[in-house]
Amino acid sequence: MKLLNKTGLIIVTMALFIFLFGGISFYKIIQLMIIKQVDHELINQRYNIVNELKNYKKLNDSYLITENMINIEPVESDYHIGQMFKDTVLYNKKEKLYAPYRLLRFNSIVEGNNFRITIFRSMLEAENLIEQIVFAMTLMLIALIFAMFFLNRYFFQKLWDDFFFSVNKVKNYNLRDNPNLNLPVSEVEEFRTLNHVLEKLTERIHKDYISLKEFTENASHEIQTPLSIMRAKIELLLQYPGYSEEQIALIGSINMAVSRLSNINKVLILLTRIENNQFPELSNVRLKERIEYHLENFQEVIAARNITLETEMQNDSDTEINVNTALADILIMNLLKNAIRHNFDNGKLFVHLGSNSFEISNTGPKLNIPAEQLFNRFVKTKNTGNSLGLGLSLVKKICELYNFHIQYLYERNLHKIIVKFRN
């Protein structure tokens, strides 16, 4: 969830809880205030009624017609009740419904006679008034919540413009094209600090990148030179007569080790260059054409091991990808070499090229390593032989560079590696 949406959601949620409890509290306060006012009016009316009753000569059970409904009934002389307020419900003939009432009940002695007097005050209008107030307040609160939400989004976007600008600059940052971020000076102190840290960080990254680039270039030159000298001198040694078979075998073993070291050096430098994105040149590569070219180069090896080859490929126009041509050749060549090296004699090799994927399947012994480790560096299976264990690691790095998806499967006694070019 985006920061803007999450912040808005938090604010709205908090506002709902605050307004909910605030609304309930407001309703209760208004209700208590109205009840207090009604009780005060009932007390005033009590004194008025008592004064008026003292003017009567005879009192029976009766109702006096006043603003409120009053019930007067004689009781035993020893009966006494203090002032009592109570909520009740009575049928309202005028409104033709049961309505809430507030009553005040008390005793009064008139000319030696004890009377119980009850004054009823309708709360219907008060309840309607409270409902109208609550309804109006609810509408205002809903409008306020929406206003807070949209105003928050508007001002939040304005406030965080510098932050998102910096994020986009970092996202599109490219060491080769522009080593400096050139972030603007923000009015917000925290964003100024962030921009300063990002600029310092990219400066250090750029320096490390330049150092690493220089190292790989120097290593490529400096290491290959003594290796070439060693290989040339080994070849000279082999031309001298008089060596025993054991000595020739030792010299041959040294020569193989030198060649292996040279190949490892070349592949590791190539991996580093891929990781540093030092292959910027892109072109539309026709995969069918490149696959057929490499299959032709491997034809003698395939025939020597009597491997059955089956191909199924789309037209060139449907299988063009925009990549570096050299890396495309490395990817195809390493996948084919891996499928041939780890195949059985008299085995099968299937090459399928679709409009969106490239798939190579081959027979061969089951893996003796976890499948998720297959693309790691220097990982070898038991039948790897003289392999460096870096071929599939190169393929993985190339796929990561161009956002291709690579997957290994073992189905129906076939090892499958699938490269999908587009999601």
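The values are calculated or read from the model by the stated rules, or taken from the named source; none is laboratory data. Values in this document were obtained by computation on a predicted structure and should not be read as measured data. Glycine also receives a Cβ, built like all others from the backbone with ideal geometry; neighbour counts cover every protein chain displayed.
Listing for the model above:
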read-out: Residue that is modelled with the highest pLDDT [pool: residues in the stretch 100-127 that are more than 60 Å from the chain's Cα centre (by Cα) and among the charged types (D, E, K, R)]; value: Arg105
read-out: Any hit, the stretch 233-243, residues being aromatic (Phe, Trp, Tyr) and either in the same structural domain as Cys399 (by TED's automatic domain parsing) or closer than 30 Å to Asn403 by Cβ (or both); value: no
read-out: Selection count where residues are within 18 Å of Ile11 (Cα to Cα) and either charged (D, E, K, R) or surrounded by 12 or more Cβ atoms within 10 Å (Cβ to Cβ) (or both), scope the stretch 116-145; value: 5
read-out: Qualifying residue in the stretch 259-277 (condition: in a loop (DSSP other than H, G, I, E, B) and within 30 Å of Ala328 (Cβ to Cβ)); value: yes
read-out: Unique match (being farther than 23 Å from Leu261 by Cα, part of a helix (DSSP H, G or I), out of contact with any Pro (no Cβ under 6 Å at 6 or more places or on another chain) and of a type outside the set (Val, Ile, Thr)) among Glu214, Glu222, Glu235, Glu203; value: Glu203
read-out: Boolean, Glu246 is touching a His at 6+ places or on another chain (Cβ under 7 Å) and among the charged types (D, E, K, R); value: no
read-out: Positions within the stretch 311-331 being part of a strand (DSSP E or B) and either within 38 Å of the chain's Cα centre (by Cα) or of a type in the set (A, V, I, L, M, F, W, C) (or both), in sequence order; value: Met313, Glu320, Ile321, Asn322, Val323
read-out: In the stretch 102-156, the residues that are in a helix (DSSP H, G or I) and in contact with a Gly (Cβ under 8 Å, 6 or more places away or on another chain); value: Val134, Met137, Thr138, Leu141, Phe149, Asn152, Arg153, Phe156
read-out: Pairs, first part of a loop (DSSP other than H, G, I, E, B) in the stretch 332-350, second modelled with pLDDT under 90 and surrounded by fewer than 21 Cβ atoms within 10 Å (Cβ to Cβ), C-beta under 8 Å, six or more apart; value: His342/Pro365; His342/Thr381; His342/Asn383; His342/Thr384; Phe344/Pro365
